[in-house]
Amino acid sequence: MKITFYGHACIGIEVSGKHILVDPFISGNPLASHIDINTLKADYILVTHAHQDHVLDVEAIGKRTGAVVVSNYEIAMHFAGKGLNYHPMNHGGSWKFDFGTVKYVTAHHTSSFADGTYGGNPGGFVIEGEHKNIYIAGDTALTLDMKLIPMRTKLDLAILPIGSNFTMDINDAIIASDFLECDKVLGYHYDTFGFIKINHEEAIKKFFDKGKDLMLLEIGGSIDL
């Protein structure tokens, strides 16, 4: 499983010969100006919630690639109305795709489209691949619901927001990793806007001092699990 960071909360995943994009917000992110959305491959687009900084490039990429949009019912129907392929889900539900099993789990946040229309309830995703399992939290506060995830799935990586203000901060992300029983964390949702800028060295040290590994990838950078 290969994980690529495309800036903000956008993640690319390559697993079992399939390409998955999560929350594509690239063309509107100056920090990701070197990423060309027209070159990205996508068989599936996973969307955690409807905010513009998570859905901006869904339509363009989905129409070009024919990718299946996987999200809550309201978001899936929104993009179905734009002619995209879709697979609706809701909290607690799982589905076995051709790359692995996806479970849509709780996130504590809000969810509306840029025009104010309802975007359903926000969520995160647990992906169980053939060899590795990951959790993508989406935008969320620290929540005790995270303790439920390792009761079903042993995680190899947790992808957690760390920018504070709109989501968890570093300290809460450390607690989240305890709840998840996963000491390997990829941070995201930081630095894009002034409200969510972080001190990288301080963040990494806080995790290190707790015996944990926080990875902060350059935009376009990848890791292999």
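The values are calculated or read from the model by the stated rules, or taken from the named source; none is laboratory data. Computed from a predicted structure; not experimentally measured. Cβ atoms come from the backbone with ideal geometry, glycine included; neighbour counts cover every protein chain shown. To get the accessible areas, we keep the full protein, side chains included, count just its heavy atoms, and leave off ligands, DNA and RNA. Shrake-Rupley method; radii C 1.70, N 1.55, O 1.52, S 1.80 Å.
Do we have ASP178 as closer than 26 Å to MET1 by Cβ and without any contact (Cβ under 8 Å) to a residue 24 or more places away in the chain here? Yes: the conditions hold for ASP178. Number of residues in region 82-96 that are in contact with an Asp or Glu (Cβ under 9 Å, 6 or more places away or on another chain) and either among the hydrophobic types (A, V, I, L, M, F, W, C) or closer than 24 Å to ALA176 by Cβ (or both): the value is 2. Selection of first residues in region 25-45 that are more than 16 Å from VAL68 (Cα to Cα) and polar (S, T, N, Q) and of second residues that are open to solvent by 20 Å² or more (accessible area, probe 1.4 Å) and not in a loop (DSSP other than H, G, I, E, B), restricted to Cβ pairs under 6 Å at least 6 apart or on distinct chains, gives the following pairs, ordered by first then second residue: SER27/ILE37. For the residues ASN171, ASN199, the requirement of being out of contact with any Leu (no Cβ under 8 Å at 6 or more places or on another chain), under 17 Å from LEU31 (Cβ atoms), of a type in the set (S, T, N, Q) and open to solvent by 50 Å² or more (accessible area, probe 1.4 Å) singles out ASN199.
Consider GLY7 carefully, then state whether it is open to solvent by less than 10 Å² (accessible area, probe 1.4 Å), farther than 24 Å from GLU74 by Cβ and in contact with a Gly (Cβ under 9 Å, 6 or more places away or on another chain). So GLY7 fits the description; yes. When only residues in region 42-58 that are out of contact with any helix residue (DSSP H, G or I) (no Cβ under 7 Å at 6 or more places or on another chain) and not aliphatic (A, V, I, L, M) count, which is most open to solvent (accessible area, probe 1.4 Å)? Per the stated criteria, the residue is GLN52. Taking region 125-142 as the range and being open to solvent by 10 Å² or more (accessible area, probe 1.4 Å) and part of a loop (DSSP other than H, G, I, E, B) as the test, the residues that pass are GLY129, GLU130, HIS131, LYS132, ALA141, LEU142.
The residues of region 10-24 that are more than 16 Å from LEU217 (Cβ to Cβ) and open to solvent by 10 Å² or more (accessible area, probe 1.4 Å), listed by number, are VAL15, SER16, GLY17, LYS18, HIS19.
Is it true that MET151 is out of contact with any His (no Cβ under 8 Å at 6 or more places or on another chain), more than 14 Å from ILE11 (Cα to Cα) and either open to solvent by less than 10 Å² (accessible area, probe 1.4 Å) or touching a residue at least 60 places away in the same chain (Cβ under 8 Å) (or both)? No. If you go through region 159-173 and keep only what is over 15 Å from ASP145 (Cα atoms) and either free of Cβ contacts under 8 Å to residues at least 60 places away in the same chain or assigned to a helix (DSSP H, G or I) (or both), you end up with ILE162, GLY163, SER164, ASN165, PHE166, THR167, ASP169, ILE170, ASN171.
Taking region 46-79 as the range and being touching a residue at least 40 places away in the same chain (Cβ under 8 Å) and of a type in the set (Phe, Trp, Tyr) as the test, only TYR73 passes. With the requirement that a residue be assigned to a strand (DSSP E or B) and buried (at least 17 other Cβ atoms within 10 Å of the Cβ), what does region 202-214 give you? LEU214 - this is the single residue of region 202-214 that is assigned to a strand (DSSP E or B) and buried (at least 17 other Cβ atoms within 10 Å of the Cβ).
Screening region 175-186 for residues that are within 15 Å of ASP145 (Cα to Cα) and among the aliphatic types (A, V, I, L, M) and picking the one that is surrounded by the most Cβ atoms within 10 Å (Cβ to Cβ) gives ALA176. Candidates ASN38, ASN72, ASN85, ASN90: the one that is surrounded by 20 or more Cβ atoms within 10 Å (Cβ to Cβ) and not small (Gly, Ala, Ser) is ASN72.
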